[in-house]
1. Going by the alpha-carbon gyration tensor, a ≥ b ≥ c the square roots of its eigenvalues, is segment 190-277 rounded (a/c under 1.5) or, if a/c is not under 1.5, prolate (a/b greater than b/c) versus oblate?
2. Compute log10 of I(q)/I(0) for segment 182-221 with the Debye formula, placing one identical point scatterer on every Cα and leaving out solvent, at q = 0.29, 0.31 Å⁻¹, to two decimals.
3. By how many nm would the segment from residue 215 to residue 328 lengthen if fully extended, with 0.36 nm per residue of separation less the alpha-carbon distance?
4. Got a number for the accessible area of residue 325? Probe 1.4 Å, square angstrom, nearest 10.
5. Taking all protein chains in place and a 1.4 Å probe, what share, in percent, of the accessible surface of segment 179-262 do carbon and sulfur account for?
6. For the chain, take the longest principal axis of its alpha carbons; what is the angle in degrees between that and the long axis of helix 249-262, to the nearest 10 within 0 to 90?
7. Grab every C-alpha pair in segment 248-345, bin the distances at 10 angstrom width from 0 up to the longest one, and report whole percents.
8. Could you grab the relative contact order for segment 194-267? Cα pairs under 8 Å, six or more apart, rounded to a whole percent.
Amino acid sequence: MTRYWPLERGHMVTSGFGARWGTAHWGCDFGREGGSGGMAVHAVQGGSVTHVGPASGFGQWVVLDHPTEDGSGTTVYGHIIPEVHLGQRVEAGQRIAHINPDSNTNGGVAPHLHLEWHRYVWSPPGPNRLDPLPLLDGALFPGEAPPSTPAGGGMDAQALSEAMGGSLPIERYRELLPGFMNAMLAAKCTTVERAAMWCAQIGHESAGLQYMEEIASGAAYNGRADLGNTQPGDGPRFKGSGPIQLTGRANFRAFSAWCHAQGWVDSPTYFEQRPQLVRDDPHWGFLAASWYWTVARPQINSLADTRNLEGVTRAINGGLNGIADRSTRYQRCLNLGTRLLPTSGGFLDMLNHEEQVELLAKTRDLWNLGVRPVPSLVDKKPFSPFSLIPTADKHAFDASVKAEEILEVLGNINRRLEALEARK
């Protein structure tokens, strides 16, 4: 169970729980020095919205019911402008409202948040209204990372297969797993809600990771200036690639610039020059989806946090195409829970973001130097330079023998020339 303070770090208690002004104050007021109007309000525990909108004495309120697994009880947030809807599931720390800046809605005092905590359900004043402060002791502040994945959590090939509907052999999912999880981390899909949305949407768009490129030729995109396709043949060259189908020269260029900024490629036009890599190498195809998820459509994670399937679908698709399949996949992925959370195998988890970027950049350089196939100067067939290492000593020995033979021949020739010169 995770709990969060309702306001970000730097807030203060403006009025506590208990006796006040000759009566009882059945909650706790929060604000910040310098004014609180418009300040974001966050759920203290996970739960469902049972009341939202106008409320006597509060102007507007949000009421959350918390199941036992989320900590139980009911919390009330008053003097706010809601940002959630009735029946919506919210998570601990999720933004649900902002403080109403209009003092006319809170009795004429400075804008603030009024928080109530009820032992069971919302009820008139009585013994089942609790002081929120003791319950928030040790709570995280909004934006702080939740506890690490529980034991047994984390994605493996079987979980990926289940999330994708088993469309491919398990061996193939095992091959795709590292790149898939790496892309999830790059897209900040590290909560159940985000991971489930990522897997459901990518699962639908790629038919369970079966397709990493658009089936059509891409000729229909020729001349599409809105996609940056200004040169002949740009349509097929920059057709939909990766599981969410990165499309158009402009998007390939933007994806390249993003990867270059992370230190993953050595040129800001890397994939504009090599678009086939996004289709042929799942590592880059998945990262193209990460770019789309966080840069081209930066609202997606926020929508995923509120389980807004339709909102994410519109962001990706422009409409609700395939919503039934997306919904089925999404529910299946939610049911998988922490089994879908990405892990980096342990070692990378010990590094901060900058260290991870540096390590990935060095790994890329090592790959380009010794593993990436290059054409042979002899017969043009590709080979890996590192494959020469086990036989390097033999090549060196053979070269040494040949050098001695050549030197002997040159010595004989030189002696004969000297002999001829002596006869003159």
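1. Values: a/c = 2.39, a/b = 1.31, b/c = 1.83.
Cα axes put segment 190-277 in the oblate bin.
2. Each listed q maps to, in turn, -0.95, -1.00.
3. Numbers: separation 113, 0.36 × 113 = 40.68 nm, distance 2.38 nm.
Residue separation times 0.36 nm, minus the Cα-Cα distance, leaves 38.3 nm.
4. Using a 1.4 Å probe on the heavy atoms, I get roughly 60 Å².
5. Details: 1590 of 3080 Å².
Its accessible area is 52 percent carbon and sulfur atoms.
6. 90 degrees
7. Pairs per bin, as whole percents: 14, 37, 34, 15, 0.
8. Values: 95 pairs, mean separation 17.7, N = 74.
Contact order relative to length: 24 percent.
The values are calculated or read from the model by the stated rules, or taken from the named source; none is laboratory data. Everything numeric in this text was worked out from a predicted model, so none of it was measured. In this analysis, Cβ positions are derived from the backbone assuming ideal geometry, glycine residues included, and neighbour counts consider all displayed protein chains. Only protein heavy atoms, including side chains, enter the accessible area calculation; ligands, DNA and RNA are left aside. Shrake-Rupley method; radii C 1.70, N 1.55, O 1.52, S 1.80 Å.
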